[in-house]
Amino acid sequence: MTMKQRWTADRIPDQTGRLILVTGANSGLGLATTRALADRGGRVILAVRDEGKGRRAADELVAAGIAPDLLAVRPLDLADLDSVRAFADRLHEEHPRLDVLVNNAGVMAPPRTLSAQGHELQFATNHLGHFALTGLLLDLLAAGRDPRVVTVSSINHRQGSLRLDDLSGERGYTPMAFYNQTKFANTVFGLELHRRLSEAGSPVRSVLAHPGYTATRLQTRDTSGLVKLAFGRIGNPLLAQRPERGALPQLYAATEPGLSGGEFIGPDGMGELRGAPTRVRPSDAAADPGTGRTLWELSERLTAVSFPVTAR
């Protein structure tokens, strides 16, 4: 894809008959993704932490012309593994298959907080919850049509690493450093999932995406004061693109025909901050298979979720 072939949401193929799950679907990138997919006929499950906010978002989409029967709101707290299991159980009761899972939800740079299971909140929400959700729904995805797992990462993954000796931040917590760790983990997970699915001969494809610099509530909702000032009040108004533009890479990853597993889609502009979707490179550290195995084994242990794919 070149700059002369800039991809827009108008190029999303017809999604009629496809069932798509979007986490964090009530605002920002998740809402923009939901709108675009439902506008093309896809049935979208809005997986949201606050069910009331999810229903208000669905009502807004219906008021804008989206057919009500294309939207379903379901509660999901990714920071709580019990909630993830309950959500997956309900989805199995309601649907025989799932075509696309968009692992989009996240929190960014809050004060140090622990999840219900005692994990650092960002690692629990951004990585462990999505890891568990993907594993618990993989059988439904395997029965889907052109099934895909889209894991939403960030350019910040290039500043991240795994703090294996202090994952919970007990000995030293810096909000942005621990956010960067989760985005690194997202990238490592998406690539390792691709390796394992490929080796198992699974029809499911794992694709990565990042939105560049996009103005969402992520930078202003739960963040610490300095981060909120830097991003929410200064960076967002001056530099960031709108969620409708930032969502294009994950929409491309979810819908582009013939896209291979293991690809990473991001903006084509300078520094990958903004622009149309294109293929980008993950950091060498995130692409390392040894790191992939380490994170995978750690995540299985912390979530008690084992994927139905052959281990390497």
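The values are calculated or read from the model by the stated rules, or taken from the named source; none is laboratory data. The shown structure was predicted, so the numbers you read here are calculated from the model rather than taken from an experiment. Methodologically, a virtual Cβ is constructed for each residue, glycine included, from the backbone with ideal geometry; neighbour enumeration extends over all protein chains shown.
Every residue, every condition in (1) crowded, with 24+ Cβ neighbours inside 10 Å; (2) at negative phi; (3) under 15 Å from the mean Cα position of the chain (by Cα); (4) not in a helix (DSSP H, G or I), yes or no:
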| residue | (1), (2), (3), (4) |
| --- | --- |
| R112 | no, yes, no, yes |
| Q122 | yes, yes, yes, no |
| H130 | yes, yes, yes, no |
| L136 | no, yes, no, no |
| D139 | no, yes, no, no |
| D146 | no, no, no, yes |
| L162 | no, yes, no, yes |
| Y179 | yes, yes, yes, no |
| V188 | yes, yes, yes, no |
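Might you let me know whether region 67-76 holds any residue that is in contact (Cβ under 8 Å) with a residue 40 or more places away in the chain, under 28 Å from T214 (Cα atoms) and assigned to a loop (DSSP other than H, G, I, E, B)?
Looking through region 67-76, at least one residue is in contact (Cβ under 8 Å) with a residue 40 or more places away in the chain, under 28 Å from T214 (Cα atoms) and assigned to a loop (DSSP other than H, G, I, E, B).
Select from region 223-254 the residues that are out of contact with any Lys or Arg (no Cβ under 9 Å at 6 or more places or on another chain), assigned to a loop (DSSP other than H, G, I, E, B) and modelled with pLDDT of 60 or more and list them in ascending order.
R242
What pairs can you find where one residue is in region 97-116 and more than 30 Å from E256 (Cα to Cα), the other is assigned to a strand (DSSP E or B) and charged (D, E, K, R), and their Cβ atoms are less than 9 Å apart, with a gap of 6+ or different chains?
Here the result reads R112/E120; T113/E120; L114/E120, each pair linking region 97-116 to a residue that is assigned to a strand (DSSP E or B) and charged (D, E, K, R).
So is T8 within 20 Å of T214 (Cα to Cα) and crowded, with 19+ Cβ neighbours inside 10 Å or not?
The answer is no for T8.
Look at region 46-61 and say how many of its residues are surrounded by fewer than 24 Cβ atoms within 10 Å (Cβ to Cβ) and either more than 20 Å from Q250 (Cα to Cα) or under 16 Å from the mean Cα position of the chain (by Cα) (or both).
Residues in region 46-61 being surrounded by fewer than 24 Cβ atoms within 10 Å (Cβ to Cβ) and either more than 20 Å from Q250 (Cα to Cα) or under 16 Å from the mean Cα position of the chain (by Cα) (or both): 9 in total.
Which is modelled with pLDDT under 95 and either over 25 Å from P243 (Cβ atoms) or β-branched (V, I, T) (or both), of T151, T125, T214?
Residue meeting the stated conditions: T214.
Does region 255-307 hold any residues that are hydrophobic (A, V, I, L, M, F, W, C) and either surrounded by fewer than 18 Cβ atoms within 10 Å (Cβ to Cβ) or assigned to a loop (DSSP other than H, G, I, E, B) (or both), and which are they?
Once the filter is applied, which keeps residues that are hydrophobic (A, V, I, L, M, F, W, C) and either surrounded by fewer than 18 Cβ atoms within 10 Å (Cβ to Cβ) or assigned to a loop (DSSP other than H, G, I, E, B) (or both), region 255-307 yields L259, M270, L273, A276, V280, A285, A286, A287, L298, A304, V305, F307.
Given G262, G292, G269, which one is of a type in the set (G, A, S), over 28 Å from R145 (Cα atoms) and in contact (Cβ under 8 Å) with a residue 24 or more places away in the chain?
G269
From the residues in region 149-160 that are in contact with a His (Cβ under 8 Å, 6 or more places away or on another chain) and surrounded by 24 or more Cβ atoms within 10 Å (Cβ to Cβ), which one is nearest to F178 (Cα to Cα)?
Among those that are in contact with a His (Cβ under 8 Å, 6 or more places away or on another chain) and surrounded by 24 or more Cβ atoms within 10 Å (Cβ to Cβ), it is H157.
Just the residues that are touching a Ser or Thr at 6+ places or on another chain (Cβ under 9 Å) and hydroxyl-bearing (S, T, Y), please, taken from region 73-116.
S115
Look through V73, V48, V102, V62 and report the one residue that is out of contact with any Cys (no Cβ under 6 Å at 6 or more places or on another chain), under 27 Å from V280 (Cα atoms) and at pLDDT 95 or above.
Exactly one of V73, V48, V102, V62 is out of contact with any Cys (no Cβ under 6 Å at 6 or more places or on another chain), under 27 Å from V280 (Cα atoms) and at pLDDT 95 or above, namely V102.
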